[in-house]
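The values are calculated or read from the model by the stated rules, or taken from the named source; none is laboratory data. Computed from a predicted structure; not experimentally measured. Cβ sites come from the backbone with ideal geometry, for glycine too, and all protein chains shown count toward neighbours. Side chains are part of the model used for accessible areas, which takes the heavy atoms of the whole protein and leaves out ligands, DNA and RNA. Shrake-Rupley method; radii C 1.70, N 1.55, O 1.52, S 1.80 Å.
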Amino acid sequence: MDIVYLNGQFIAADQAKISVFDRGFLFSDSVYEVIPFYAGEGFQLEQHIKRLKISLAALNISVEDNYTEIVQELVAKNKMTNCSVYLQVTRGADTKRRHSINESLKPTVFACINPIVNNYALAAAEVSGINVIVCEDLRWKRCDIKSTSLLPNILVIEQARQQGAKEALLINDGKVLEGASSNLFLVESNKIITPPSSHAILNGTTSQLVQQVARKQKIAVLHEDISYQRLIAADEVWITSSTRGLLPVLKVDDKFIAGGEKGAVWQKLYVLLAQAQAKLLNETD
Ligand code: PMP
């Protein structure tokens, strides 16, 4: 049985209980992070904790300063080397159900782990590209806040699954913004394009790393809107996320991207990211 963290205690998962009046349970009044650990070391841990604090501050939920220690201790206690930590902070448990916020609530802090594979351990030739579908974005207007209110995401991910696709890209007002759980990149004439940061998308930790690595290699990174036409005409399409890394997209709906082959720019970036990952992990020793 996995050990989970709940409000100051490391306990067996089946012993962890929250109140029925917890606002995370009742209203999704809560935020989260999913943080990969490889060989027991957090990858981009600082960036994830920073983003968690930004999400909490945006909702005026009080921020604590021990999140890093909690996730590190949880991984160590579970003795799991490659895993992702799910860390959730809710506004807390009230004494009854009411919309209005009781400012004296103490946030509920919960963390658990899931085994993952190291995305960058495979040789580029072994990485499988994915198919995606494009769906209407039914989410709220603050997708930069990593809220646990994920019903619109879950519904499109299910639609993708039913159509044999591995991700749903979300289109809003003619702009393809990001995936249900990933950021979006295109390649056009060896330049990388990703949508501008805004309240409509999550500021992805993997996206930031990809952009840094690309700029170091003098590959241009442009922040521009992506229409459906532009997406399907791209030389390459990729998605990024902490748990999936940098994945090439081979098909969008029923249209092959670049003949359904993984692209040369993807391959170059993938190799560089694998090196960057190894270096970042060594630096945290
Ligand atoms: N967008 C959304 C909507 C996501 O859920 C995720 C996954 N957290 C991402 C982008 C990618 O973010 P990251 O690279 O930090 O995992």
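Under 25 °C and 0.890 mPa s, how fast does the stretch 1-91 diffuse according to Stokes-Einstein, given a Kirkwood radius computed over C-alpha pairs? Answer in µm²/s, whole number.
Numbers: Rh = 13.8 Å.
My calculation gives 178 µm²/s for D.
Ligands, DNA and RNA are left out, and with a 1.4 angstrom probe the accessible area of the stretch 3-115 is 50 Å² per residue. Sorted on the mean count of surrounding Cβ atoms within 10 Å across their residues, most packed first, peptides 267-277, 221-231 read 267-277, 221-231. Counting only Cβ charges, +1 for Lys and Arg and -1 for Asp and Glu, the dipole size of the chain around its Cα centre is about 240 debye. Normalised per residue, the accessible area of the stretch 124-283 is 48 Å², obtained with a 1.4 Å probe and no contribution from ligands, DNA or RNA.
Return the carbon/sulfur percentage of the accessible area of the stretch 51-208, one whole number, probe 1.4 Å, all protein chains in place. Could you put the intermediate results ahead of the total?
Numbers: 4050 of 7890 Å².
Whole-percent figure for carbon plus sulfur exposure: 51.
A straight Cα-to-Cα reach below 13 Å connects Lys141 with the aspartates and glutamates Asp173, residues fewer than 8 places away in its own chain not being considered.
Would you please put 63-71, 235-243, 249-257, 204-212 in order of how densely packed they are, using the mean number of other Cβ atoms within 10 angstrom per residue and starting with the highest?
In descending order of packing, they fall as 235-243, 204-212, 249-257, 63-71.
Angle of helix 264-283 to the longest C-alpha principal axis of the chain, folded into 0 to 90 degrees and rounded to 10: 40°. Computed from Cα positions, the angle between helix 205-216 and the longest principal axis of the chain comes to roughly 40 degrees.
Here the Karplus curve 6.51 cos²θ - 1.76 cosθ + 1.60, taken at θ = phi - 60°, turns the phi angles of the stretch 24-30 into couplings of x, 5, 6, 10, 6, 7, 6 Hz, with x standing for Gly and Pro. Taking all Cα pairs closer than 8 Å and separated by 6 or more residues, the relative contact order of the chain comes to 18 percent.
FRET efficiency for the pair Ile11 and Ser100, taken as 1/(1 + (r/R0)^6) with r the Cβ-Cβ distance and R0 = 35 Å, rounds to 0.65.
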